[in-house]
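This report concerns only the one structure given below.
Computed from the coordinates by the stated procedures, all read-outs in this text should not be read as laboratory data. Treat the numbers as computed from the prediction; the structure is a model and nothing was measured. Virtual Cβ from ideal backbone geometry, glycine too; neighbours counted across all protein chains shown.
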Amino acid sequence: MFEAKGKVEIFKRIVEVVSVIVNEVKFNIKDDGFHIKAVDPAHVAMVELNIAPQAFNEYNAEDTELGVDLDKMESIIRLGKGNDEMDATYDEDSERLVIRIGNLVRKMTLLDVSTMPDLKIPNLQFPAKVELLADDFLLGIRAAQSVSDYVVLTAEKDSFELSAGTQEEINQKFSKEQLLSLECKDKSRSLFSLDYLSSMMKGIRSGEKLAIFIGNDYPVRIEFETLDGNASVAYLLAPRTEIE
Amino acid sequence: MVQEKLYSVSYSEKKRNLCPLCKGYKKLCGKSYCPILVRAETILSRDIKDTVFGASPPAIFVGSAGYPKITVGPLVPPLTEDTEIMDMPELWVNKSLQEIIGYRASLIRGKSRVSVTSALNPDRTTAQIQELVMASTPTDVEAMFEKKPNLSITFSTRAPPSGPSALLKRINIAENPKVERIVDKVVYDTDMKADEGIITLYSSKIPQSRITKILSSGLLGTGKRRRFVPTEWSITATDDIIAKALRREILDYRELDHYEVFNFSALANSVHIILFPSSWFFEAQEVWVASNSFGVDYELALGKKGYAKELEGAYYASRLPVLEHLSNIRRQAGALVILEVYPDWIPLGVWRFRELCREAFKNGKSFDDLNEALEALDLSLPLNRYVEKSTVLKSFLTQKKLTDYRA
């Protein structure tokens, strides 16, 4: 059983955050909120999204699993504005998700969740954590894309650095004071695909505060809160190795 | 809805595909005449009158100039026998350049100026054109022109060359067109989206060249959204829409467990394909052997988010056959496709890459070793030139997976 009322914005944000990784996803709906975990087809990137019931005006749910085609969902919510009220109900008899925006009713067929196993999030220990504004990081990623297809992220005791390119080079260095926070035990340096990173950046909005966890030749974890603090998102991306 | 403008032809794509020597600035090669044009024009029949009767393959051409006010019209040869092949690139891969130019020169193109949205409320002429396009076999047509068609051949970026043309006065379909039930069903279903219509026709084994024409003539899509789609946009839209559906399918298949290499050459072009034991990725490199120049576009497992900016039509025309092959063998794989263009090439349209790839997939070699597989690609320039340009190869060799870190 599942019924929720809230702003169209909530569903817009779900699609925005998750569709940069994958188009078909399982919504794990529980009385403590929405939980989504998804991995891209190459098992290189993962997204974890949790939305608290407080994000909605009304929320009523028992354990339900819904297989959602995000392209289809996007085509529905595109019909509403961010502030419009939206009502989503799971109709158990027809096994469809019923979405109401104003007097518009859209009944959406769902995907078979039996073929969508629960994902295990790798258990990772990160030696470094950096907090900064999304806008600063976005700028660096965008600049890096103009010179290379991968970027190097380096955290040291008192700095965080983003660099890319060999002939044409980009470098963006933050001192500890230019960051919201920096914790780094040992120098940590890893390479990441800009195709993936820039895709993830499309799920992040200007003004959001990012916590970036890195290690040495190790995945990166990018965490942030959204929907007025009622939702938390984490992206995980596997590194590239050095080219011989 | 098909975002038809997404698939328009840019200036750079046009320029790249015009002439291998002069890139469209006629006679830059120093000759006083263009040998390509002359060779083509000698084939043209000299006795075309202002009325032509013949069996249209069926075929139409929708121009993009002046969009959304465009020209549409039927292609009608002055012949009634064996005309189907004239507009069916699926059958051309083993034909000579001369034969293909011959087919195209035989087709006389009528031009009628209409707005793209008139597909919804066709006048008599456009209604006849739409009826003609639905036909499954060559259909007798009488086309009357304002004046005698001009004797010329024009080359285009994505579409096959087109022959003599003139403003269309009137068209009469002289027999009842035969229409497959599925075509009828999709065309009359005004609740069906254009992309669903394309997929339905494709899975019902309607040849792709016909699906492209049906889309082009504004017969697909929901209710009021139907419109004429310029032939060149329609070609790439069809390639892309079918490929997206196939991509979703193959993402569920097991990964290939070795390398596979495929080669084929014809029509002064060659294709060289390597499949990798990997999840889906795709890269196409278009290589102009004479000028040593490369164009490269790629997508990783996330799929293509934007438009293939360097190769445009050629990217989508070569990606589709790769996905078709993977769907046939029920495997997922990464793919690098190299499209080589030789100096004696003339512009025939992007179908050549699609059909060369389809032909290549009939015969493959398997390898366990990447270097051996790369050598077997048998390329014209030194291998490292291609390797340097390749993003997917770098990514294949260096990208780790999250599963490598499972605790």
Rh (Kirkwood; distinct C-alpha pairs) - chain B, Å: 22.1 Å
All lysines inside 24 Å of A:K176 as judged from Cα atoms, apart from same-chain residues fewer than 8 positions distant: A:K129, A:K157, A:K185, A:K187, A:K209
Tilt relative to chain B, helix B:313-329 - C-alpha long axis, 0 to 90 degrees, to 10: 60 degrees
Spatially proximal aspartates and glutamates relative to B:K147 (Cα-Cα < 12 Å; intrachain offsets below 8 disregarded): B:D50
Simple Cβ-charge dipole of chain B, Lys/Arg +1 and Asp/Glu -1, about Cα centre, in debye nearest 20: 1400 debye
Equivalent ellipsoid dimensions for region B:27-240 as semi-axes, Å, which come from the Cα gyration tensor, largest first: 28, 19, 17
Rg/Rh (Cα only; Kirkwood hydrodynamic radius) as it applies to the protein assembly as shown: 1.01
Residue among B:Y405, B:A373, B:H325 farthest towards the positive dipole end of region B:292-407, charges placed on Cβ: B:Y405
Debye, to nearest 20: dipole size of the protein assembly as shown, +1 on Lys, Arg Cβ, -1 on Asp, Glu Cβ: 2720 debye
Dipole of the protein assembly as shown, positive end: most advanced residue of A:S94, B:L120, B:Q98 [Cβ charges, Cα centre]: B:Q98
Built amide H within the under 5 Å cut-off of B:L167, gap 5+: B:K111, B:E146, B:K147
Isotropically averaged projected area of region A:128-237, using the convex hull of Cα atoms (one quarter of hull area), nm²: 6.3 nm²
Lys, Arg +1 and Asp, Glu -1 on Cβ, resulting dipole of region B:27-240 about Cα centre, debye, nearest 20: 800 debye
Residues whose placed amide H lies under 5 Å from that of A:L119, excluding near-sequence neighbours: none
Where N is the number of residues in region A:2-115, Cα Rg divided by 2.2 N^0.38 Å: 1.00
Set of lysines near B:K362 by C-alpha distance (under 29 Å), chain-local residues within fewer than 8 positions excluded: B:K95, B:K205, B:K213, B:K244, B:K304, B:K389, B:K394
Neighbour net charge for A:K37 - beta-carbon separation under 11 angstrom, K R +1, D E -1: 0
Whole-percent pair-distance distribution, where bins are 10 Å wide, for the alpha carbons of region B:257-308: 19, 43, 33, 5
Chain B: angle of helix B:231-250 to the longest principal axis, Cα-based, in degrees nearest 10: 40 degrees
